[in-house]
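Report on the structure given below.
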Amino acid sequence: MDQPPRRRTRCPRCGKEFVCGPEKGEKLCWCAALPAPDPPTEEDCLCRDCLVELKNS
């Protein structure tokens, strides 16, 4: 199964470094399992903590 590449990136909100992309054996990035922010952000990938914080705010 072909997977999209994983990449190291930095969260534009908090500056935390994290890996963006699917875990081994998965087709989608881990963030696909989290609810999308409402309203959507125009920022690049956010870390898990910032995505959860946006959803809870």
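The values are calculated or read from the model by the stated rules, or taken from the named source; none is laboratory data. Note that the structure is predicted; figures quoted are calculated from it, not measured.
Do the conditions hold for ALA36, that is, is it at pLDDT below 90, of a type in the set (A, V, I, L, M, F, W, C), under 15 Å from LEU51 (Cα atoms) and in a loop (DSSP other than H, G, I, E, B)? In short, yes. Looking across region 1-33 at every residue that is part of a loop (DSSP other than H, G, I, E, B) and among the small types (Gly, Ala, Ser), the one that is modelled with the highest pLDDT is identified as GLY15.
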